[in-house]
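One structure below.
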Amino acid sequence: YDRLKKEQPNFSTKIIMIEADLSKLDLGLSQESRERLLDTNVIFHLAATVRFNEAIRIAVNINVRGTKQLLLIAKEMPNLKVFVYVSTAFAYCVHNFIEERYYPPPIKTDKILTLLDILDDEKLDKFTPTLIGKWPNSYAYTKAIAEDTVRQYSVGIPTCIVRPSIVTSTAESPVEGWINNVYGAMGVVVGCALGLLRTLHIDLENAADIVPADYVISHFIAASWDTAKRKNTLLSIENANPDVPETERALIYNYVSICQNPITWRRFTKLNELYGTQVPSIHFLWYYFFFPSKHKFVHDVCTIFLHLIPAIITDTVLFLSGRKPM
């Protein structure tokens, strides 16, 4: 934040932190915080659980129920200009082509919330595979439902949905290559650089639809401006009216790289190897070696020899030396 501190030395005086919890009733907001939020002009709703293997109860409570509650609170804000919901380009990955429109959700918002209320954790976990169906994980599944939550509960609010693909490190701002997590593709980069990730089940000829974080943020801001500019038109549309064309119902913006500047996973891994060996991490645990395969059987065999057996040997050595196994 050196540039920010230089250009706006008093920026911290303009930031007010508010404690909230998407999984709690009314987002767990205090009365003071709720009253302060009434002055809000723009909402960027990015908060979500992004773990692919998240328990369905947690994923629904945060990604679906939390979104519904925030929209209800947003309706109390008299000066709200725009509500930007951040989804993902993979919310409806069950379709071959993802257009900038709403799709029928895997289940309606109120139905999934009712299921959570009547089923205990054990029954819900057993029912999860059937519930998710053709969606690959609880993250994409709940994001798909949440898009319909936005459609249903955003009536009276200028709203748009933005769908970025796989977000990676920054390209330019605030500095090149900045990242603060190891989710998604960055987990592959870090895992390979440290010598921990040796194999991966992936088709290298498929497109690696990745977008830089700073470009994504610029996209959010542009989408909010465009939506606010069309406020009067959007507020005149009734979301529940089936006669309204999907293209007019709300603004949806896909933000992907595959259309203008595609890159394959093969190119991605080659660049990872090139720079990972030229400038290795000081924290690496093993030399760089990466053997991806699109064949599940080959990947499973490699996992045994390249991940499982080395892990067992390492833990045994640590245990015998009196140290805590990894």
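The values are calculated or read from the model by the stated rules, or taken from the named source; none is laboratory data. From a predicted model like this one, the values you see are computed outputs, not experimental measurements. Cβ coordinates were reconstructed from backbone atoms using ideal geometry, including for glycine residues, and neighbour counts include every protein chain displayed.
Scanning region 13-32 for residues that are assigned to a helix (DSSP H, G or I) and within 26 Å of the chain's Cα centre (by Cα) yields Leu25, Asp26, Leu27, Gly28.
Please tell me if Thr40 is of a type in the set (S, T, N, Q) and either assigned to a helix (DSSP H, G or I) or in contact with a helix residue (DSSP H, G or I) (Cβ under 7 Å, 6 or more places away or on another chain) (or both). Considered against the rule, which asks whether it is of a type in the set (S, T, N, Q) and either assigned to a helix (DSSP H, G or I) or in contact with a helix residue (DSSP H, G or I) (Cβ under 7 Å, 6 or more places away or on another chain) (or both), Thr40 comes out as no.
When the criteria are applied in full, Asp110 fails the requirement of being closer than 13 Å to Arg57 by Cα and part of a helix (DSSP H, G or I). Within region 167-183, the only residue that satisfies the criterion of being in contact (Cβ under 8 Å) with a residue 60 or more places away in the chain and closer than 30 Å to Tyr102 by Cα is Tyr183. Taken over region 26-62, the criterion of being small (Gly, Ala, Ser) and either in contact with a Ser or Thr (Cβ under 7 Å, 6 or more places away or on another chain) or more than 18 Å from Pro106 (Cα to Cα) (or both) is satisfied by Gly28, Ser30, Ser33, Ala47, Ala48, Ala59.
None of Asp148, Asp117, Asp110, Asp121 is under 24 Å from Trp225 (Cα atoms) and either in contact with a His (Cβ under 7 Å, 6 or more places away or on another chain) or of a type in the set (Asp, Glu) (or both) except Asp148. Among helices (runs of 4 or more DSSP H) entirely within region 148-251, having at least 3 residues that are within 17 Å of the chain's Cα centre (by Cα) and either at pLDDT below 90 or assigned by the TED database to the domain that holds Gln69 (or both) singles out 185-193, 213-229. Looking only at residues that are farther than 20 Å from Asn96 by Cβ and polar (S, T, N, Q) in region 133-157, which one is surrounded by the most Cβ atoms within 10 Å (Cβ to Cβ)? So the residue we want is Thr142. Filter region 100-132 down to the residues that are free of Cβ contacts under 8 Å to residues at least 40 places away in the same chain, under 22 Å from the mean Cα position of the chain (by Cα) and surrounded by 11 or more Cβ atoms within 10 Å (Cβ to Cβ) and list them by number. Of everything in region 100-132, those that are free of Cβ contacts under 8 Å to residues at least 40 places away in the same chain, under 22 Å from the mean Cα position of the chain (by Cα) and surrounded by 11 or more Cβ atoms within 10 Å (Cβ to Cβ) turn out to be Pro106, Ile107. Considering only residues in region 21-61 that are farther than 22 Å from Val82 by Cα, polar (S, T, N, Q) and modelled with pLDDT of 90 or more, the one that is surrounded by the fewest Cβ atoms within 10 Å (Cβ to Cβ) turns out to be Gln31. Within region 260-311, being among the hydroxyl-bearing types (Ser, Thr, Tyr) and without any contact (Cβ under 8 Å) to a residue 40 or more places away in the chain holds for Tyr275, Thr277. Right, Pro78: out of contact with any helix residue (DSSP H, G or I) (no Cβ under 9 Å at 6 or more places or on another chain), surrounded by fewer than 19 Cβ atoms within 10 Å (Cβ to Cβ) and assigned by the TED database to the domain that holds Glu147 or not? Against the criterion (out of contact with any helix residue (DSSP H, G or I) (no Cβ under 9 Å at 6 or more places or on another chain), surrounded by fewer than 19 Cβ atoms within 10 Å (Cβ to Cβ) and assigned by the TED database to the domain that holds Glu147), Pro78 qualifies.
Exactly one residue out of Lys6, Lys68 is exposed (fewer than 11 other Cβ atoms within 10 Å of the Cβ) and either modelled with pLDDT under 95 or outside any loop (DSSP other than H, G, I, E, B) (or both): that is Lys6. Residues in region 69-83: is at least one of a type in the set (Lys, Arg), out of contact with any strand residue (DSSP E or B) (no Cβ under 7 Å at 6 or more places or on another chain) and over 16 Å from Tyr153 (Cα atoms)? So far as region 69-83 goes, no, none of its residues is of a type in the set (Lys, Arg), out of contact with any strand residue (DSSP E or B) (no Cβ under 7 Å at 6 or more places or on another chain) and over 16 Å from Tyr153 (Cα atoms).
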